[in-house]
Every structure is written in structure tokens, then in C-alpha cells.
Amino acid sequence: MNYYGEKYEGEFINGKKNGYGKIYYDNGEKFEGVFINDKKVDYGILYYSNGNKYMGEFKYDFQNGYGIYYYLNGGDKYQGQWSYNSREGYGIYYYQNGDKYEGYWKNGVRNGYGIYYFSNGDIYKGQWKNDKQEGYALYYYSKGVGLKGNIKII
């Protein structure tokens, strides 16, 4: 069924999408999962037109709860908590170059305590503010030397 410029295949109740369904958007995106009263809820998979993909929980059409976001570049991946389509709470980000961040996010950026593992073996354990290393931290070099103290990167 065409529904306001989109194609929907699935269950309807009282003229609204309810139950399992697939929706194909005019912009090339596709969603398959659960609907209640025309809204994406529970678990679903959203395929973006740029090749990215989100698999996880939805609430009222938003990525909300636990989910995994795969980036088209083939290496970046985020798995963790979401709130209203934004990384929020605890999550792990895997970078294509082999780096990895485990820690807290706020408004889609690193915020709070986190551990950053560099692909060269260095490790940063400490505070983040607005996606930058800031506050008390420990930095371990792969060669065995470590630093500790307050950090602020401008």
C-alpha cells in the first residue's frame, strides 16, 4: 500500500500500521519491524539510503534503547544505548582503524568516563567532555610508561 509517498507491506488495524511490517521510503530508506499506531516500536532494522544500518530498539519512531549502528565505511560500528536517535548512556564505538572507545555518551558525543584503546596499544582511561578528553585521566603507553593527572585538550 502506498502511504504518503511510501510503500508499506504489513498489518493494519483501524487504518494504522500495527504489527510486523516493512516500509519503503521515497528517499531509498527501508524499515522492517514492529509498528503500533503508525509508530516504530520494539525491535526493528532501519536501512539508510547511504548504506548505513541500525538494528535495535525503537520507541515512537525513534532509535531508543539498545541498538547497533553499522557505518557504510565497513569498519565503524556503535553498539549501546540510544535515546531519541542519539547515542546516549553506555556504549562501545569500534573505529575502522582499529581504535575502540568504551564509555558514556551524551547527545551523541563522548561525555563522562570512558576508555579509549588506540590501535598502537596506547590506552586512555578518564573523563570526556563534549567529545574531548578533559578531567582526571590515566594514559598508558604501549611501551609500558604511564601518566596520570588532569587533562584538558583545547
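State, to one decimal in nm, how far the label point of residue 66 lies from the label point of residue 90, with both points 7 Å from Cα in the Cβ direction.
Taking the simple label geometry, residue 66 and residue 90 are separated by 1.1 nm.
Estimate the FRET efficiency between residue 27 and residue 132 by the formula 1/(1 + (r/R0)^6), using the beta-carbon distance for r and 30 Å for R0, to the nearest 0.05. Working shown, then result.
Details: r = 33 Å, r/R0 = 1.11.
Computed FRET efficiency for residue 27 and residue 132: 0.35.
Can you tell me the relative contact order of the range 1-71? Whole percent, Cα pairs under 8 Å, sequence separation 6 or more.
Reported as a whole number, the value is 19 percent.
With a cap of 15 neighbouring Cβ atoms within 10 Å, and only residues DSSP puts in a loop, list the GluC sites (Glu not before Pro) found in the range 42-119. All intermediate terms of the calculation are to be shown ahead of the outcome.
Numbers: sites: 57, 88, 102; in loops: none.
Listed in order of number, the matching sites amount to none.
Give me the extension gain from residue 12 to residue 100: residue separation times 0.36 nm, minus the current Cα-Cα distance, reported in nm with one decimal. Walk me through the numbers on the way to the answer.
Working: separation 88, 0.36 × 88 = 31.68 nm, distance 4.26 nm.
Length gained, residue 12 through residue 100: 27.4 nm.
Coordinate-derived values only; no laboratory data. None of the values given here were measured: they were computed from a predicted structure. Reconstructed Cβ throughout: ideal geometry from the backbone, glycine too, with neighbour counts over all protein chains shown.
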